[in-house]
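The values are calculated or read from the model by the stated rules, or taken from the named source; none is laboratory data. Given the structure is predicted, the values throughout are model-derived calculations rather than measurements. Cβ: placed from backbone, ideal geometry, glycine included. Neighbour counts: every protein chain shown. Please note that ligands, DNA and RNA were not included when accessible areas were found on the heavy atoms of the full protein model with its side chains. Shrake-Rupley method; radii C 1.70, N 1.55, O 1.52, S 1.80 Å.
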Amino acid sequence: MIDLDRDGPVAIVTMNRPAQRNALSTGLTVALDEAFASLEDDPEVRAIVLTGAPPGFCAGSDLKEMGRCDPQELAEHQRLPGGMTRRIGLMDTPVIAAVEGHAFGGGFVLAVCCDLVVTAEDTIWNLAEVPNGFLPPWGLSTLAARVGPVTARRLTWGFERFLGADALRLGVADYRVPSGETLSNAMDIAGELAALPAGPVAATKRFFQPMIQDGAEPFDAAARRVFVEQSQHEEARAVLDRYAGKDE
């Protein structure tokens, strides 16, 4: 599900489900959570880069897997990535997202839950949940902390797709680079962070964390309840049933 590599004090975590466009299945979500936990416990890791195997960063939640869940299973399915992304904010180690190709739905939110975001010029960004019939079930408070609540609401409606320049302008991303160069640029940034004194880097994350993530868990729980309820409505059910019936 993931590849783990090291370049000195920088760890590279690569989501590796290319046939599924790195969709967040239960298996991938658990693997990411375990990787972050392991890397946080490694004193030699001073920064982490998160990326996705081509063709893109992450296509969001695994709709095929979701379509086969009953409501209780669906709530659990979406609890896991919410907890995994909150872990990123609680870690002392900075995490940089290197986003190529696409960042849709949960992939979009996963990226913005990282501490820094590097986007390619031609990366396509979109929150796809509302057009599919439901509210995104986690990460919206962190998105609002990054871009402001008014812009977060606009992006959550999901009627717009936009590229790297707009991602930078809106505050979704921190850096925009040419296509194919996000990983190398993210590695450079990670190297700069890794060269700083570890204590003050961690203290900076801890100082700002309440401003970014305060109340994230209850917000995620509330969004998840709305998501599960809406997932049983006609529009959302049609989408999930369609994906559940697809062959591998």
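Out of all the residues in region 217-248, which are in a helix (DSSP H, G or I), closer than 29 Å to Arg21 by Cβ, of a type outside the set (D, E, K, R) and open to solvent by 30 Å² or more (accessible area, probe 1.4 Å)? Write out each step before concluding.
Just the residues of region 217-248 that are in a helix (DSSP H, G or I), to begin with: 217-230, 234-244.
Applying the additional criterion that residues be closer than 29 Å to Arg21 by Cβ yields 217, 219-230, 234-244.
Those left that are additionally of a type outside the set (D, E, K, R): 219, 221-223, 226-228, 230, 236, 238-240, 243-244.
Correct list: Phe219, Ala222, Val226, Gln230, Ala238, Tyr243.
Only one of Glu100, Glu129, Glu160 is of a type in the set (Asp, Glu) and surrounded by fewer than 16 Cβ atoms within 10 Å (Cβ to Cβ). Can you tell me which?
Residue meeting the stated conditions: Glu160.
Just to be sure before I move on: is Pro54 at pLDDT 95 or above, open to solvent by 30 Å² or more (accessible area, probe 1.4 Å) and under 18 Å from Gly101 (Cα atoms) in the structure I sent?
It is true that Pro54 is at pLDDT 95 or above, open to solvent by 30 Å² or more (accessible area, probe 1.4 Å) and under 18 Å from Gly101 (Cα atoms).
Are any of the residues in region 104-123 free of Cβ contacts under 8 Å to residues at least 60 places away in the same chain and open to solvent by 30 Å² or more (accessible area, probe 1.4 Å)?
yes
Got at least one residue in region 49-59 being touching a residue at least 60 places away in the same chain (Cβ under 8 Å) and part of a helix (DSSP H, G or I)?
Within region 49-59, not a single residue is touching a residue at least 60 places away in the same chain (Cβ under 8 Å) and part of a helix (DSSP H, G or I).
Pick from region 6-22 the residues that are part of a loop (DSSP other than H, G, I, E, B) and in contact with a Lys or Arg (Cβ under 9 Å, 6 or more places away or on another chain): which of them is surrounded by the fewest Cβ atoms within 10 Å (Cβ to Cβ)?
Gly8
Which is open to solvent by less than 20 Å² (accessible area, probe 1.4 Å) and hydroxyl-bearing (Ser, Thr, Tyr), of Ser61, Ser25?
After applying the criteria, what remains is Ser25.
With within 19 Å of Asn132 (Cβ to Cβ) and outside any strand (DSSP E or B) as the only criterion, which of Glu44, Glu65 stands out?
Answer to the check: Glu65.
Just the residues that are out of contact with any Pro (no Cβ under 7 Å at 6 or more places or on another chain) and surrounded by 14 or more Cβ atoms within 10 Å (Cβ to Cβ), please, taken from region 201-216.
Ala202, Thr204, Gln209, Ile212, Gln213, Ala216
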